[in-house]
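Worksheet for the structure shown next.
Please treat every number below as a calculation from the coordinates, not as lab data. For clarity, every value in this text was computed on a predicted model and none was experimentally measured. When we count neighbours, we look across all protein chains shown, and the Cβ atoms used for this are built from the backbone with ideal geometry, even at glycine.
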Amino acid sequence: MKRIVIAGGGYAGILAANRLAAQSKKEGYSITLINASETFVERIRDHQAGAGQPLPRMSVRELLRAPVAFLHDRIESIDAVGKTVGTQSGFVPYDALIYAPGSEGRPSFAAENSYCIGAPGEADRLRRALPSAKGSVVVLGAGLTGIETSTELAEARPDLSITVVHTGNLDREYSQKGANHLRKVFRRLQIRLLEDTRIQAIRPSSVLLADGRTLPSDMTIQSGGLFGSPLARISGLPVNDRDQLLVDETLMVPDYDGLFGAGDAIALPEGYGFMRMGCVTAMPLGAHAAGSVSQYLAGAKRRAFRFGFPGRSISLGRNDGLIQFTDSFDGPVERAITGRSAAFIKEQVCRYTVRMLRLERTTGWKVFRWPQGQLQTAN
Ligand SMILES: Cc1cc2nc3c(=O)[nH]c(=O)nc-3n(C[C@H](O)[C@H](O)[C@H](O)COP(=O)(O)OP(=O)(O)OC[C@H]3O[C@@H](n4cnc5c(N)ncnc54)[C@H](O)[C@@H]3O)c2cc1C
């Protein structure tokens, strides 16, 4: 038997596991997926969870195709030379490993009454704190998670006075139609947006801006971006400055035989092109990593990963949204869908991700497809 281990049961890890499971009988694979929690965390709905919306719970196990073995355990280290994964309860040897422990939000400032979107357990902590929140809330960052979180909170708690502080500018990041719509929704929800503005410090009841102004703040929400899981760095593996494991264009780690990666936790070689962390990239990477592992175990030539961004789908509360179409490189083009239709599309996108995991689980067919686009290396 060829032993395949998958480290992390998110979008990338589960899709990879199910693709390999479909070949396991023919190829003689034994597959183990290790995940720290028994529950599948639909991270793309973290802002909804934080705003207190009840969400359906799914177990990782129910999304996995037989004969994948599920190990509920926390991985503490990876020995990529000895080919073992060290968990809290022991060691798991492998012939091929797919590293897919995802990403985490990390706060830019240590502060009381501050919540970091995307960090483990923080959506739950915010949900518990929200009913007693009052006064002013400052959201750090108007990236995708900052926009989705602030609009969701404004809808859930219209009595709160919400300010979003953004180092960037929507005009540079969206089409004119997209930027106009975001500003219109912020006005409707009475969210104040400060662009080209940097936060210097978070104090107990205020936020100090780099230009010397202060904003009242009873609660801060930090959404300054995602970092790869620290596991690769802790294990002494090659990482970039966001802690993402460095893989080649076939998703294998150079110099570490049998070590592959997928999802938010990895970075492609320089020159590949910009790959935003997201479910939009994690699932294609998971599917491709499964293919690369099969080719590696069969001694066949591995194929380079190809991808093109289709667009950004953003929820703006439950009844509004923005679908910003982009070029392959995630650059906005003028076409955008706004309002209720966009909210509907966004909801379908969220459902589609889990539907694809389930469909590949039950059928064993490669039903999930993605735009191949122009992102690729010279190989
Ligand atoms: C609020 C919010 C909204 C978002 N909205 C979108 C969106 O609309 N579109 C989009 O494309 N992306 C969105 N994202 C990003 C998206 O959620 C991630 O890119 C995606 O979850 C990455 O998938 P993954 O499989 O790489 O990792 P994850 O989904 O993070 O899964 C990793 C898994 O590994 C497990 N794990 C981690 N460390 C260990 C360990 N040491 N031992 C064992 N298990 C471990 C975790 O428990 C987890 O189950 C959003 C993120 C947030 C926070």
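Mind checking which lysines have their C-alpha under 20 Å from LYS25, skipping anything on the same chain fewer than 8 residues away?
LYS2, LYS366
Of LEU245, MET275, GLY50, which is farthest on the positive side of the dipole of the chain, counting Cα position, with +1 on Lys and Arg Cβ, -1 on Asp and Glu Cβ, and the Cα centre as origin?
Sorting the options by dipole projection puts first GLY50.
Within region 1-100, list the GluC sites (Glu not before Pro) lying in a DSSP loop whose Cβ has at most 15 other Cβ atoms in a 10 Å radius.
Passing sites in region 1-100 are GLU38.
Quick one: length gained pulling LEU55 to ASP255 fully straight, 0.36 nm per residue minus the C-alpha distance?
Contour length minus the Cα-Cα distance gives 67.8 nm.
Got a sec? Charge dipole of region 3-47, +1 on Cβ for Lys and Arg, -1 for Asp and Glu; which of ALA17, GLY28, PHE40 is way out at the positive end?
Final value for the positive-end residue is GLY28.
Counting only C-alpha contacts under 8 Å and six or more residues apart, can you give the relative contact order of region 140-189 as a whole percent?
Reported as a whole number, the value is 41 percent.
Give the long-range amide H neighbours of ASP248: residues separated by 5 or more places, or on another chain, with amide H under 5 Å away, using H modelled in the peptide plane at 1.01 Å from N.
So ASP248 has HN proximity to VAL253.
Hey, how many Å between the Cα centroid of region 344-366 and the Cα centroid of region 23-61?
Comparing the Cα centres of region 344-366 and region 23-61, I get a distance of 13 Å.
What is the P(r) of region 20-72, as percent of Cα-Cα pairs per 10 Å bin from 0?
That works out to 23, 38, 26, 11, 3, in percent per bin.
Enter the angle in degrees (range 0 to 90, nearest 10) between the Cα long axis of helix 144-156 and the first principal axis of the Cα atoms of the chain, meaning the one along which they spread out most.
Tilt relative to the chain: about 50 degrees.
Please determine, in degrees from 0 to 90 and to the nearest 10, the orientation of helix 339-363 with respect to the longest principal axis defined by the Cα atoms of the chain, where the helix direction is its Cα long axis.
Orientation of helix 339-363: about 20 degrees from the principal axis.
Order of THR32, THR149 from fewest to most other C-beta atoms within 10 Å? Spell out each step's value before the answer.
Values: THR32 18, THR149 28.
Going from sparsest to densest Cβ surroundings: THR32, THR149.
Return THR362, THR167 ranked ascending by Cβ neighbour count within 10 Å, so the fewest neighbours appear first. Before the final figure, lay out the partial values.
Values: THR362 9, THR167 16.
Fewest to most other Cβ atoms nearby, the residues stand as THR362, THR167.
What percent does the relative contact order of the chain come to when contacts are Cα pairs within less than 8 Å and at least six residues apart? Mind showing how you got there, number by number?
Working: 863 pairs, mean separation 70.0, N = 379.
Contact order relative to length: 18 percent.
Suppose only helical runs count, i.e. DSSP H with n ≥ 4. What mean residue ellipticity at 222 nm does that imply for the chain under -39500 (n - 2.57) per run, divided by all residues and rounded to the nearest 500 deg cm²/dmol?
Dividing the helical sum by the residues of the chain leaves -8500 deg cm²/dmol.
Going by how many other beta carbons lie within 10 Å of each one, how would you line up VAL164, VAL92, VAL354, fewest first?
Ordered by Cβ neighbours within 10 Å, fewest first: VAL354, VAL92, VAL164.
Please give the helix 11-21 orientation as an angle from the longest Cα principal axis of the chain, in degrees from 0 to 90, rounded to the nearest 10.
20
Tell me which residues come under 5 Å, amide H to amide H, from ALA119 once H is placed; ignore anything under 5 positions away on its chain.
HN-HN under 5 Å from ALA119: GLY105.
Can you run phi through the Karplus equation (6.51, -1.76, 1.60; θ = phi - 60°) for region 299-309 and list ³J(HN,Hα) in whole Hz, with x for Gly and Pro?
x, 9, 5, 8, 9, 6, 6, 10, 7, x, 5
Rounded if a/c is under 1.5, else prolate if a/b is larger than b/c, else oblate: which is region 101-193, with a ≥ b ≥ c the root eigenvalues of its Cα gyration tensor?
oblate
Which Rg and Dmax, in Å, describe the Cα atoms of the chain?
21.0, 66
Rounded to the nearest angstrom and ordered from largest down, what semi-axes does the equivalent ellipsoid of region 286-328 get from its C-alpha gyration tensor (root of 5λ)?
Result for region 286-328: semi-axes of 36, 12, 3 Å.
Taking a virtual spin label 7 Å from the Cα of ARG74 along the C-beta vector, which residues in region 109-131 bring their backbone nitrogen under 15 Å of it?
Counting only backbone N, you get 120-122.
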